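To keep things clear, I will list the structure first and then write my remarks on it.
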Amino acid sequence: MPQDGLPEATHELAVKGDEADGSLATAARRLAQEAKQALSFGARGVSDVTEEFAAAAKQLRPGQLVKDEYFTLFEAVGALEIMDPKMDSGYVPPGDTFDADFDVCRGLEAIEIIWIIDELLCLEIAWHDGYPLSQTVFTSLHIDRLLSPDNRKPYTFLYGEVPGVELSDEQQLVHTVLRAYCLGLIKCIQLPLHIVQSQNFYEEEDFVTHLFGQELLEKLKTDDVAKALDDALRCVRNVHLPADVAEAIEARLWFRRQYLAVLLGESSDWSNLITRHEKANSSHELAKPLPAAFSDKVQRQLATSTPPRPMLEVSWTHAYKKWTKLCADMVEADRLTSVWICQSPHCLQRATWAFAYREPQPGTFARAYLQDRLLGSDMIAEDVSHFDLLLTDIRDLVLAGDPLADPASFQIEVPTDPRHLCSRHIGSFMDKAFEEYLNLYRMVCQNRCRIRRTFTQTIPILDSLETVAKETDEELHRISSQRSLPGPEGTPVRLNPLTSWTRYHKISIMAKSIQLGFETDIYLPDELCAMYWLLGTYSLTQSSGLKHIERFLLDRMKTLTKARNSRYVAETLASQDWIRSLVLLWETTRLLAVALANLCGTLMDLDVISPPARSYAQERLLWDARMKPYMTLVHDPVPSIDEFHRTRQGTGDLSTACEAVDQGIKTAKQHLAEVKKMSPQQAKYLGTEEQWARELKQLETTCVALVVQTSQLMKISEKHGKKEARKGDSMREVVEVSLPEPAKRYHLWWVVPQISERKRS
Amino acid sequence: MSTAALVALSKASERAAEDAESYLNTFLNKTLHIHITDGRMFVGQMKCTDNERNIILAMTHEYRQPSKADVQLAADRHERAGRSGNVKVDMKKRFVGLVVVPGQYVTKMEVEG
C-alpha cells in the first residue's frame with residue numbers, strides 16, 4: 001500500500017476511463033490533480049507529521065495515554081473503530097464494491113414495480129414504528145438516487161435530467177410511475193416528521209427523526225409531487241398491462257396520492273386510506289421480488305455516528321396490520337377532537353385518555369397528530385379557544401351558575417364594576433394556570449412511562465399554582481364578599497373556587513401518578529400496601545374536596561331558583577350531576593385502594609408477602625425515595641411513614657381484615673351501579689361511551705376478584721385453624737400468592753393478588 | 001555495562017519519553033487529517049493517542065474519493081453545459097462523529113495550523 005492511497009486510485013480510474021471514453025479520461029486526469037491538491041491542503045497550512053508522530057508515539061509506555069484532560073475514557077468507549085466491519089459504516093470489505101450494483105434507470109416489469117412499492121410500504125411503517133430511516137426507507141436505491149446531493153430539480157433517476165421521449169413501457173414504469181411514487185413517499189416522510197417535531201415526543205424512546213445528512217427534497221413543492229402522481233396514474237393506463245396488474249399499481253398510486261392529500265390537509269378522509277390500502281393488500285401476491293433494488297450499502301454515504309445496521313425485514317402482513325392501525329388511530333383522533341367533544345373540557349380529557357389507551361397504544365405520529373389537533377393553534381375547535389376551554393373547566397367544576405366565571409363578566413369594561421375587577425383577577429390566575437392546564441392534555445399524548453414521569457414533575461408546579469389560587473380567592477373575597485357556610489368544626493368556611501379547582505386537578509394527577517406506577521409495574525410486592533394506602537388517602541382528600549364544592553353548589557342552587565335565572569339553573573344542575581359522578585368514582589377508587597391496602601397489608605403481616613433481603617436499606621429511606629415526587633408539596637404534605645404504620649396497626653386479625661375488605665367492596669359496587677346509570681351528558685363521557693362502559697365493567701370485575709381472593713384466604717386459614725392469625729403469625733407454609741402482571745389484570749391499575757393454598761411437597 | 005551507565009540510559013529514555021509526551025500533547029484538540037490504507041481520510045480533533053498510534057478523533061468528517069460514477073456524472077454535466085477547463089468533483093464527505101483510527105491503518109498524518 002502506498003502512503004497515500006488516492007493518487008493511485010484515481011490513476012487507475014483514469015486508465016479505465018481511457019478505454020471507455022477519451023473525454024472521461026481527461027476529466028479523470030484533471031480530477032486526480034485536483035484531488036491531490038485538495039488533499040495536500042497546502043493553502044490551509046497543513047503540515048505532514050507522519051514520521052514525527054509515529055516516532056513520538058513509540059516512546060510512550062504501553063498503556064500510557066496522551067489525552068485531552070476533559071476527554072473521559074467513558075466517552076472513548078463510544079468511539080467507532082475505523083476499519084472494523086462491525087463498527088465502521090464506511091468499511092468496504094475486500095472484493096466488494098462501494099456502491100450497490102444496480103442501475104436505477106433500467107426499465108422494470110410492472111410486477112417488480114409492485115414489489116418495490118410494497119417493500120417501501122413495509123419500510124415506511126417500520127420507520128413510524130421507531131426504526132431509523134437509514135435501516136428502512138433510505139435503503140431503497142431509487143429513493144437514494146432521488147435524495148442524492150448530486151440530484152437536482154426536477155429530481156429524476158437521471159440526476160435531474162429528463163429521460164427521452166422514446167421510452168419503452170418498462171422504462172416509463174420506472175421513470176414516470178416509480179419516480180412519482182418515490183417522490184410522494186419522500187413527502188409523506190417529510191410531512192409527518194414535521195408534525196412530530198413540532199410536538200412533544202421522546203427521541204430515544206419513541207421515534208428517530210434523524211435524516212443522516214439527507215434532505216427531503218425541500219425545494220420540491222408538494223403540488224409538483226401531486227401532479228407527478230396524477231401523471232403516473234395516466235401513464236399506467238397508457239402502457240399495456242394486464243388489467244389486474246394495472247389495477248394493482250393504480251391502487252398503490254391512489255393510496256400515496258390520498259395519503260399526501262390528508263397530510264396536506266386537503267382531505268381528512270383517513271378511512272378512505274384504509275380502503276385504498278386494502279386494495280393494495282389484495283393484489284400483493286402479484287408482486288415479483290427484486291431485492292437488488294435495496295441495499296444497506298447506502299449507509300456508507302449517510303452521516304451517522306452509529307455502527308452499520310442491517311436493513312430491516314418487515315413482513316407484508318405485519319406492515320399491513322400496522323398501516324391499518326395507523327389509519328384507524330387517525331380516524332379516531334379526528335373523531336375524539338370533533339367540535340361537540342371539544343365543547344366540554346371533561347369530555348375532551350376523557351377523549352384524550354381514551355386515545356392513549358387504545359390497544360395497542362397509538363404510535364408517535366398518531367400521538368403527535370392528536371397533539372397538533374388539540375394544541376396546534378390557540379383554538380381547540382372552530383369556535384372554542386384554549387381560554388374558553390379553561391374557563392369552561394373552572395365553571396363546570398366549581399363555579400356553575402356563578403357570575404364570577406360567566407364569560408359575560410369578562411366583557412364588562414366599567415372599571416368600578418366588581419364583575420370587571422373579579423374577572424381581571426380570575427383572568428390573571430388563568431394566565432398563570434394556562435400552560436400547566438394545557439399540559440394536562442399534552443402529557444396524556446406521550447408514551448405511557450412518560451405520562452407517569454411528567455405527571456410526577458407537574459405535581460409541585462400545580463402545588464405552587466395552588467398558592468396563587470389561594471391569593472386570588474382572597475382578592476375575590478375582598479372585592480365582593482363571598483358566601484360562607486358553617487364548616488365541619490363549626491367555623492364558617494368559604495368555597496375558595498380557584499383553590500378548590502386547582503386542588504382537584506392536582507390531586508387527580510397525584511392519584512394517577514400512583515396508578516400509572518401500578519400499570520408500569522414499578523412497585524415491588526412489599527410496596528403495594530403502602531402505595532394503595534397512599535392512593536386511598538389522596539382519594540379521600542379528593543372526595544372531601546368534591547363534597548365541599550357540592551355543598552356550595554346546592555346552596556347556590558337555592559338562590560338561583562328564587563332568582564329564576566334559567567341558564568344559571570341549568571348550568572348548576574348539570575354541574576351537580578357531574579360532581580355527583582366524580583364523588584362516586586373517587587369513592588370507588590378510595591374503597592378499592594383501601595381494600596387492596598388491607599389485603600396486601602394482611603398478607604405482609606402473615607409473612608406471605610415479604611420484603612426482599614436488603615443489607616443496607618432502611619425502611620425510612622426507602623419510604624422517602626418512593627415519596628420523592630410528593631415530598632416538596634406545601635399544601636398536601638406527604639404522610640409520614642409513622643402515620644402509615646399507625647393506620648395499619650388498627651386492622652386487627654385476619655378475619656377482621658377480610659371482613660373490612662368485603663364491606664368496602666360492597667359499597668364500591670353500589671357506587672359503581674349508581675354511576676353506571678348516569679348518562680353521557682351527566683357524567684361527561686360524550687364520545688367515549690364505549691371506553692366508559694368498558695372501564696366500569698373492568699372495575700366491577702376487579703371488585704369481584706377482590707372478594708373471591710379474600711374468601712379464598714379465609715377458606716385456607718379456616719382449614720388450618722388460623723382465622724385469628726395476626727401480625728407475626730406466619731402463614732408462609734400454607735398460603736401462596738402471585739401478583740398478576742399488567743396484561744393479566746382485570747384493570748391495569750389494580751393489582752389483585754392471586755391467593756392459593758401452598759401444596760406440601 | 002556499569003550500573004551508572006544503566007541509570008544514565010534509563011534516565012535518557014525517561015527524558016525521551018517525557019519529550020515525546022509533551023510533543024504529542026501539542027496535538028491535542030488540533031485538527032488532524034489522518035489518511036488510512038483504504039484511501040479514506042478522516043478530519044477531526046485529536047482527543048487521545050497511545051503507543052500504538054491509535055488515535056481518537058472527535059467531530060470527525062470522513063472524506064472519500066469520488067467513485068467512477070461520480071466522475072462520469074460530473075464529466076457529463078460539464079460537457080452538456082458546454083463548459084471548458086477542469087471538471088470539479090468534490091470528495092464525498094460525511095459526518096461520522098467520534099472515531100478511533102487504529103494505528104495499523106494510518107498511512108499519513110497531517111495537522112492543520
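The values are calculated or read from the model by the stated rules, or taken from the named source; none is laboratory data. Model, not experiment: these values are computed from the prediction. Every residue, glycine among them, receives a Cβ derived from its backbone with ideal geometry; neighbour counts consider all protein chains shown.
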(message) If residue A:298 meets every condition in (1) in a loop (DSSP other than H, G, I, E, B); (2) in contact (Cβ under 8 Å) with a residue 12 or more places away in the chain apart from one, which number is that one?
(response) (1)
(message) Within region A:604-661, take every residue that is among the polar types (S, T, N, Q) and within 39 Å of the chain's Cα centre (by Cα) and give me the one that is farthest from residue A:752 (Cα to Cα).
(response) A:632
(request) Answer yes or no: is there a residue in region A:240-259 that is closer than 30 Å to residue A:449 by Cβ, free of Cβ contacts under 8 Å to residues at least 24 places away in the same chain and acidic (Asp, Glu). (result) no
(message) Which condition from (1) in a helix (DSSP H, G or I); (2) under 30 Å from residue A:657 (Cβ atoms); (3) in contact with a helix residue (DSSP H, G or I) (Cβ under 6 Å, 6 or more places away or on another chain) is the one that residue A:609 breaks?
(response) (1)
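Here's the yes/no breakdown for (1) on the phi < 0 side of the Ramachandran plot; (2) free of Cβ contacts under 8 Å to residues at least 12 places away in the same chain; (3) buried (at least 16 other Cβ atoms within 10 Å of the Cβ); (4) assigned by TED's automatic domain parsing to the domain that holds residue A:251:
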{"residue": "A:54", "(1), (2), (3), (4)": "yes, yes, no, no"}
{"residue": "A:59", "(1), (2), (3), (4)": "yes, yes, yes, no"}
{"residue": "A:72", "(1), (2), (3), (4)": "yes, yes, no, no"}
{"residue": "A:89", "(1), (2), (3), (4)": "yes, no, yes, no"}
{"residue": "A:118", "(1), (2), (3), (4)": "yes, no, yes, yes"}
{"residue": "A:129", "(1), (2), (3), (4)": "yes, no, yes, yes"}
{"residue": "A:134", "(1), (2), (3), (4)": "yes, no, yes, yes"}
{"residue": "A:140", "(1), (2), (3), (4)": "yes, no, yes, yes"}
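Residue-by-condition table, conditions (1) out of contact with any Leu (no Cβ under 7 Å at 6 or more places or on another chain); (2) in a helix (DSSP H, G or I); (3) of a type in the set (A, V, I, L, M):
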| residue | (1), (2), (3) |
| --- | --- |
| A:620 | yes, yes, no |
| A:652 | yes, no, no |
| A:704 | yes, yes, yes |
| A:713 | yes, yes, yes |
(request) With the checklist (1) in contact with a His (Cβ under 6 Å, 6 or more places away or on another chain); (2) at pLDDT below 95 in hand, flag the one item residue A:99 doesn't pass. (result) (1)
(request) Please specify each residue of region A:715-733 satisfying the condition of being surrounded by fewer than 18 Cβ atoms within 10 Å (Cβ to Cβ) and in contact with an Asp or Glu (Cβ under 9 Å, 6 or more places away or on another chain). (result) A:715, A:719, A:720, A:723, A:724, A:726, A:727, A:728, A:729, A:730, A:732
(request) Please work out which one of (1) modelled with pLDDT under 95; (2) outside any loop (DSSP other than H, G, I, E, B); (3) surrounded by fewer than 15 Cβ atoms within 10 Å (Cβ to Cβ) is the condition residue A:656 fails and give its number. (result) (3)
(message) Among the listed residues A:62, A:93, A:154, A:85, identify the single one that is in a loop (DSSP other than H, G, I, E, B), within 10 Å of chain B (Cβ to nearest Cβ) and not charged (D, E, K, R).
(response) A:62
(request) For region A:476-503, enumerate the residues that are in contact (Cβ under 8 Å) with a residue 40 or more places away in the chain and surrounded by fewer than 21 Cβ atoms within 10 Å (Cβ to Cβ). (result) A:479, A:480, A:483, A:485, A:493
(request) Residue by residue through region A:375-394, note down the ones that are hydrophobic (A, V, I, L, M, F, W, C) and surrounded by fewer than 17 Cβ atoms within 10 Å (Cβ to Cβ). (result) A:379
